[in-house]
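Here is the structure we will look at, set down as structure tokens.
The values are calculated or read from the model by the stated rules, or taken from the named source; none is laboratory data. Values in this document were obtained by computation on a predicted structure and should not be read as measured data. Cβ placement follows ideal geometry from the backbone for every residue including glycine, while neighbour counts extend to all protein chains displayed. Calculation scope for accessible area: heavy atoms of the full protein, side chains included, ligands and nucleic acids excluded. Shrake-Rupley method; radii C 1.70, N 1.55, O 1.52, S 1.80 Å.
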Amino acid sequence: MAEHSWLDEHIELYALGALEIDEFERVEREIAAEPVAERQRYRREISRTHDALASLSAEYATPPPPQIRQLVLADLPPAAESAPDVDRPQHGPDSVLPANVVDLTARRRRLSIAVGAVAAALILIIGGVLVGRVTAPDDTGPVARDGVSQQMSQVLAAPDMQLQQAAVGDDASVTVVASREEDLAVVMADGLPAVPAGQTYQMWLIGDGHDPVSVGLMQGSPGRQAIAINDVAGSDKVGVTVEPEGGSPQPTTSPVVAVEF
């Protein structure tokens, strides 16, 4: 029987076509290995994601900011952007391409994966799929615990939208999507490693002109969490520290990551 935790985590990205080919094939194999009832459940989940995507496409049908294309292309090898968009000649599996023919298959796959990953992440956030349980140490901070999807849509529509990402260890990341004009940011954590009992992750707005400002807590989780932050003026980083459960008035440890924006 398939490992449900992995399959459950990747099923929405599978439905959106935003997985690497080996992950895509693993999802197919694991669904096929499930009992009939489980296969039907996963097929319903895929259909639900497709329906949600269609609904979101109609509701948020606005031209994407040019920064999205720039961010995607910045992560690609130069050849992937500059290669001419021509169809590959049809050859047998064992044939050798002529010396003057460039095989674009791998480049197109990288481009497809990169575009799909960015688009899927943004779509899932807007749709509320990535919005995890986020709590704040107090109710007076700049955290917007409700309406993350609305604020993400607002940030994405801003002409000065920027997206910055930093790794946490080998498998986790923290991404900040921010707009100075809108004075908003959305922080996304993906796969934060577990912390010892009695501790939690705490996020901070950091700037030269003020002490760190707490903007909320997140749990160590293999899944994805998102939180919207108002009032980012005067700050240029989002830092993440490990703090005692319930949070601290000020950081008590060095940041495990700090994302500039």
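The listed residues are V195, V242, and the only one of them that is at pLDDT 95 or above and among the β-branched types (V, I, T) turns out to be V242.
Tell me, which strands (runs of 3 or more DSSP E) lie completely within the stretch 212-261 with 1 or more residues that are of a type in the set (V, I, T), open to solvent by 20 Å² or more (accessible area, probe 1.4 Å) and free of Cβ contacts under 8 Å to residues at least 60 places away in the same chain? So that I can check it myself, show each step before the final result.
Working: elements: 224-230, 237-244, 257-260.
Qualifying strands (runs of 3 or more DSSP E): 237-244.
Take the residues in the stretch 7-22 that are assigned to a helix (DSSP H, G or I) and touching a residue at least 40 places away in the same chain (Cβ under 8 Å), then tell me which one is most open to solvent (accessible area, probe 1.4 Å).
In the first step, residues of the stretch 7-22 are kept if they are assigned to a helix (DSSP H, G or I); the result is 7-15, 21-22.
Those left that are additionally touching a residue at least 40 places away in the same chain (Cβ under 8 Å): 9, 12-13, 21.
Details: E9: 52, E12: 31, L13: 24, I21: 90 Å².
Checking each candidate, the answer is I21.
Please find, within the stretch 152-184, the residue that is least open to solvent (accessible area, probe 1.4 Å) out of those that are under 16 Å from K237 (Cα atoms) and outside any strand (DSSP E or B). This residue is M161. Among the residues of the stretch 185-200, write down those that are open to solvent by 10 Å² or more (accessible area, probe 1.4 Å) and part of a strand (DSSP E or B). M188, D190, Q199, listed by residue number.
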